Amino acid sequence: MSVAGSRPVLLYCHPSMDRLAKAIIDDVTAKEGADTGERKYRRVELKHNEKDAISWSHFPDGWPNLFIDDVKQCAGKDVIFIGSFHSQDVVFDQLSIIYAFPRYLAHSFTLILPFFPTGTMERVDLEGQVATAKTLAKLLSGIPLTARGPAQVVIYDIHALQERFYFTDNVIPRLESAIPLLIKRLESLPDADKVTIAFPDQGAYKRFNAQFPNFQTITCSKLRDGDKRVVTITDGGIVQLWSLKSGKYVAHVHMIFFRFH
C-alpha cells in the first residue's frame, strides 16, 4: 500500500497541548505541499478539543465526566495522543482517556509525553522513601493492548535511562531526546564557538555529556540543604533547563563564562 493510500493518523491531545498539536499538523501539511511525487507523509487528522474530539467536563463533585466524540472512527486507525502530566489534577482525566482508545479498536496507539514528571524520584536512598517514578510507570503500563500489539509510550529526555525498565512488557517505552534540536540551535549561533555547557551535578553530566562532544563543558556539584540547593563548580554555562511553555519545548540555556588563569 502506498503512503498516499494509507489510512490517516488520528491525533488527539490534552487541551494544554493544543498549540503543539496544531504546530505538528502545520508542519506535516507544509511537507505534504512540498512533495512533488508520491506522498511521503501520511495524512494526520487533528481532533480538536473544541470541535470533534474530547469533552473534558467534570461533575459538580470534581470527578471527570469525559466523552470522546465519534469514537467509532478510531476503529482500525492509528491513534496518537499528546498528553501532559504537568499537574496531579489532570493525570486521572488523561489516564481515563488513554485507557479508552485501545478498547475502541484502534489499530495502534501512541502516547506522547513531553516530560516524565516523577522521573527524578526514581530511586530509594533511605528506607521509607517511595520511588514514584515506578508508580507512574505502572499506571502507564496499564494501557490495554491494541490490534497491533502494545501501545508505545514516547517520553522526551527522561531523567534516567534505566527508568525504561520500570514499565512492564504491556507497553513499549520509547525514550527520545530534544537535545539534538538544542544543539542545532546552538550551532547556528554566530558565536557558537564561545558556548560552554554546564551540568548542575554529576548525574546530569553522566546522562547528557556524550551528546555535547563539540562543546566545552563545566561540571558542578549540588548539595541539598533542606529546601536549598547549594551549587559549586567542580570541573571546568548551567546546562539545559527544559520547560513546557505554550505547548512547545523551550530550552532555557544558562551559560556561565569563566576566565581561567
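Derivation of every value follows stated rules applied to the coordinates shown; laboratory data play no part. Bear in mind that the values here come from a model prediction, so they are computed numbers and not experimental data. Positions of Cβ are backbone-derived with ideal geometry, glycine not excepted, and every protein chain shown enters the neighbour counts.
A few comments on the model shown:
- Distant-in-sequence amide contacts of I143, defined by a placed amide H-H separation under 5 Å and a gap of 5 or more residues or a different chain, comprise nothing.
- Calculated from backbone phi, Karplus (6.51, -1.76, 1.60) coupling profile of region 200-208 in Hz, x at Gly/Pro: x, 7, 5, x, 5, 4, 5, 6, 10
- Coupling constants for region 132-138 follow from the phi torsions by the Karplus curve (6.51 cos²θ - 1.76 cosθ + 1.60, θ = phi - 60°), and in residue order they are 5, 4, 5, 4, 5, 4, 5 Hz; glycine and proline get x.
- For D157, the residues 5 or more places off, or on other chains, whose built amide H falls under 5 Å of its own are E176, S177, A178.
- Nearest-0.05 FRET efficiency for D26 and E127, computed from C-beta distance (R0 51 Å): 0.50
- 27 Å Cα-Cα threshold exceeded, pairs from K72/K134; K22/K184; K138/K184; K134/K206; K31/K184: K72/K134; K138/K184
- The translational diffusion coefficient of region 51-126, from Stokes-Einstein at 25 °C and 0.890 mPa s with a Kirkwood hydrodynamic radius over alpha carbon pairs, comes to 174 µm²/s.
- In this simple spin-label approximation, Y99 and S188 carry label points 7 Å from Cα along the Cα→Cβ vector, and these lie 4.3 nm apart.
- Amide hydrogen neighbours beyond the local backbone of A106, cut-off 5 Å, H modeled: G76
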